Amino acid sequence: MALIGLVRVSTDKQKTVRQHDALDAICLKVFEEKVSGKLAVDERPGLTAALDYLRDGDMLTVQEVDRLGRNLLEGLIVLNDLFQRGIAVKVLEGIAAGEHTERSLILDLALALAEDRRRDIVKKTKNGLDSARARGRVGGRRPVVDDDKRRVILARRAEGQSIREIAAAVKVSVGVVHKTLNPAP
């Protein structure tokens with residue numbers, strides 16, 4: 001029996017160190033992904049790789065059950081598939097902490113709570129953005145291109161420079177130059 005780990009965070013900016021600290025010491029191999037837990041299994045490369053790697057008698061190990069996903073249906077599908085293949089699940093923390101060889105009410109409940117927490121996060125984020133807009137503020141990143149950079153980009157393009165040349169000279173990405181030259185309607 002081999003312990004195989006799965007580390008998941010939702011975005012590239014989030015850190016995986018805490019999960020790796022918990023799993024690296026006990027797992028033979030640890031798979032990592034930086035994608036939303038709401039996605040289907042086939043849209044999650046780390047989970048897919050882990051599922052392909054696991055063999056009968058192995059144990060998929062996660063720090064918390066919501067690392068498997070924050071979509072109840074997808075999580076249940078993954079668990080059913082694992083248990084039918086003779087693969088156990090080990091959860092290190094949370095209400096479902098322990099080793100599981102079959103579905104249980106506590107695992108189902110933990111997945112349902114994970115989906116509910118995700119729904120709550122999305123709702124609070126939307127409410128915060130709506131509130132900020134009502135006060136005249138716009139959320140999101142600050143624009144990379146200010147008026148001075150915009151003038152330089154437009155002037156260089158008028159001189160016949162390529163988008164790549166402009167991007168290198170102004171120190172912005174090709175995409176930023178493209179968006180500046182072709183603003184959305």
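The values are calculated or read from the model by the stated rules, or taken from the named source; none is laboratory data. Predicted, not measured: the structure shown is a model, and the values here were computed from it. Neighbour counts run over all protein chains shown; Cβ positions are idealised from the backbone, glycine included. When the accessible area is computed, the model is the full protein with side chains, heavy atoms only, and any ligands, DNA or RNA have been set aside. Shrake-Rupley method; radii C 1.70, N 1.55, O 1.52, S 1.80 Å.
Details
- Listed by chain and number, the aspartates and glutamates whose alpha-carbon sits under 17 Å from that of K149, ignoring those within fewer than 8 places in the same chain, are E159, E165.
- Filtered trypsin sites (Lys or Arg not before Pro), the stretch 1-85: DSSP coil and at most 14 other beta carbons within 10 Å: K13, K15, R55, R85
- Charge dipole (the stretch 1-107, unit charges on Cβ, about Cα centre) - positive-most of A22, Q63, S36: S36
- Normalised Debye scattering of the stretch 82-185 at q = 0.11, 0.16 Å⁻¹ gives log10 I(q)/I(0) of -0.67, -0.79, counting only Cα atoms as equal scatterers and leaving out solvent.
- Rounded if a/c under 1.5, otherwise prolate or oblate - the stretch 1-66, Cα gyration tensor axes: oblate
- Residues in the chain average 61 Å² of solvent-accessible surface per residue, probe 1.4 Å, ligands and nucleic acids excluded.
- With every protein chain in place, the stretch 44-149: carbon and sulfur % of accessible area (1.4 Å): 53
- Backbone N within the stretch 167-181 under 16 Å of label point (7 Å from V152 Cα along the Cβ vector): 167-178, 180-181
- Longest segment of the chain lacking GluC sites (Glu not before Pro) that sit in a DSSP loop with at most 16 other Cβ atoms within 10 Å: 1-92
- Taken as Cα centroids, the stretch 136-175 and the stretch 41-81 sit 42 Å apart, rounded to the nearest whole angstrom.
- The stretch 59-102 shape via C-alpha gyration tensor axes, a/c threshold 1.5: oblate
- Quotient of the Cα radius of gyration of the chain and 2.2 N^0.38 Å, N being its number of residues: 1.41.
- Considering only alpha-carbon pairs that sit under 8 angstrom and 6 or more positions apart, the relative contact order computed for the chain is 15 percent.
- Using a cut-off of 25 Å between Cα atoms, the listed pairs K38/K123; K38/K124; K90/K126; K34/K126; K15/K171; K13/K123 include K90/K126; K15/K171 as exceeding that distance.
- Net charge dipole, the chain: roughly 1380 debye, given to the nearest 20, about the Cα centre with Cβ charges of +1 for Lys and Arg and -1 for Asp and Glu.
- Applying the criteria of a DSSP loop state and at most 10 other Cβ atoms within 10 Å to the trypsin sites (Lys or Arg not before Pro) of the stretch 102-157 yields R135, R137, R141.
- When the chain is treated as a Gaussian network with alpha carbon springs shorter than 10 Å, the biggest mean-square fluctuation among A25, A49, A169 belongs to A169.
- For the chain, share of DSSP beta bridges that run antiparallel, in % to the nearest 5: 20
- Pair D120, R133: separation of 7 Å Cα→Cβ label points (nm): 2.5
- Helices in the chain, meaning DSSP H runs of at least 4 residues, each add -39500 (n - 2.57). Divided by all residues, the mean residue ellipticity at 222 nm is -14500 deg cm²/dmol.
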